[in-house]
Each structure stands twice: as C-alpha cells, then as structure tokens.
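Q: Sharing a structure with you now.
Every read-out reported here was derived from the displayed coordinates using simple, explicitly stated rules and does not represent laboratory data. Bear in mind that the values here come from a model prediction, so they are computed numbers and not experimental data. Glycine also receives a Cβ, built like all others from the backbone with ideal geometry; neighbour counts cover every protein chain displayed.
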Amino acid sequence: MRVDKRLLTAGALGAAGFMLSLPVLPASAEFASENVQTAEPGQTFVAADVVEPPVEDVSASTPASAKFTESTGELREDFTVSRFDLVMSPVPAGTPMGDGYGYRTPPCAGCSSFHKGVDWNPGAGSAVRAMANGTVSEIGNPSGGLGVYVVIDHVIGGQKISTVYAHMAIGSLSLGVGDKVTAGDTVGAVGSTGQSTGPHLYFEVRVNGTTPVNPIPWLAAHVNA
C-alpha cells in the first residue's frame, strides 16, 4: 500500500500547529491533581485556572496604633510607657493605729489638738520604711516636739509629696539632708522621743510639700507594694 507523501506532510504540519496552540505556563505554576482535566478524544487539553491565595486585609485586624513603615514594608507598633512610682506603707500591713488624722483631745501637754498625721504602733524598735524614692530635706533631734524625725521629698504622679517620720528612737536615724532613699529603705526605728506618750511612729503626708492630708485614704489610693 502506497501512502501519499502530501498527506503525511499535512498531518505533520497539523500536529505542529496543535502543539503551538497549547498555552505556555511559567515553570513556577503548580496544579493540584484535582485541578487537572484529562482531555477526551477530540478535545483540547486545557489547564484549570490557577487559584491565587486571598490577600489579607490588614486594616481590619491591625490596631490603630500600628503604622506602615515604607522603608521596610513592615508594620510596627507604637508603644507608650506610663510612669510608675513605687509607693508602699512605712509599716507592715495590719499594724495597729493610735490617733488618726484630724481634731482630737491633746493627749499630752504641748501636744496638738489637730493631728496632721497618724500614729502607728508596730512596737518599739520596729523598722520604719521610706514610703517611696526620694531625697531627705529635713532632719530633727530629740529636743523638738517631733523628737527624732526625718522629712523626705518625693515625686508621685508628677506631684511633689513630702512624708514625715517622727518620734523615732535615738541613734536610729543615720540619714542626712540631701541623702537619696529608695522605697522600702529603713530610715529609722520606732521610739518615743519628743512629745510622745509611748513608742509609736508618727507619719504625715504633705501635698506640694506643705499641705497635710489624711495619710490613710492617700495611701489607699497610691500604695502599690
């Protein structure tokens, strides 16, 4: 049987045209097996559409404080740091309290009728702690009404606060004016110097360094240790 060479040439050209009609896909394109369709007789093989992953909308999940950095193409967070001033009670929790803040019947000759602070009774010789970081601005000796005492200036929440620790034991105060103290440092020991009826700590809080306030609610609002 003789085959016409012209028919063979036409068939070859048709096959070449069919191959040229196929789409050229980039080497990086990957197809899942379920996305590939098998060509039926008489049909042209067609690849399924490549499904691109959705682009995440960062505007919905990114905090308002996040900002886009054009130089790096990354998101960054803005952080603000609040000032933290450590404040603590000068005596342990549960320490018995004598006279409170305000008007009273003077307990001794020369004692005041308006008590500008509070009296705590943790026991003679008990340590007296600095309420917060600060600087010693004044000290006193046993001859005055407050006996052995120290005044410490602090900055609490941006405001000047002065604290007074009085009637301490002789020889227990080793601080001097200008000395720096840290919250919790021992400033002296409970005694009964000055106009005192027994061992106790007189504690006073002065706002703006001059105005005495009730130490109990003030401490309740500021103590964090």
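Q: Which Rg and Dmax, in Å, describe the Cα atoms of the stretch 96-225?
A: Cα-based Rg and Dmax for the stretch 96-225 come out at 13.6, 39 Å.
Q: Using modelled amide H (1.01 Å from N, peptide plane; none on Pro or chain starts), what sits under 5 Å from the amide H of ASP185, excluding residues fewer than 5 places away?
A: Residues meeting the criterion, in which the H sits 1.01 Å from N, are ALA130.
Q: Still on this structure, please answer the following. Dimensions of the stretch 144-195 along principal axes (Cα, Å, largest first)?
A: Rounded to whole Å, the extents work out to 34, 19, 17 Å.
Q: In what sequence do MET97, MET131, MET88 fall when counting other Cβ within 10 Å, fewest first?
A: On the way: MET97 13, MET131 27, MET88 17.
Least crowded to most crowded, the residues run MET97, MET88, MET131.
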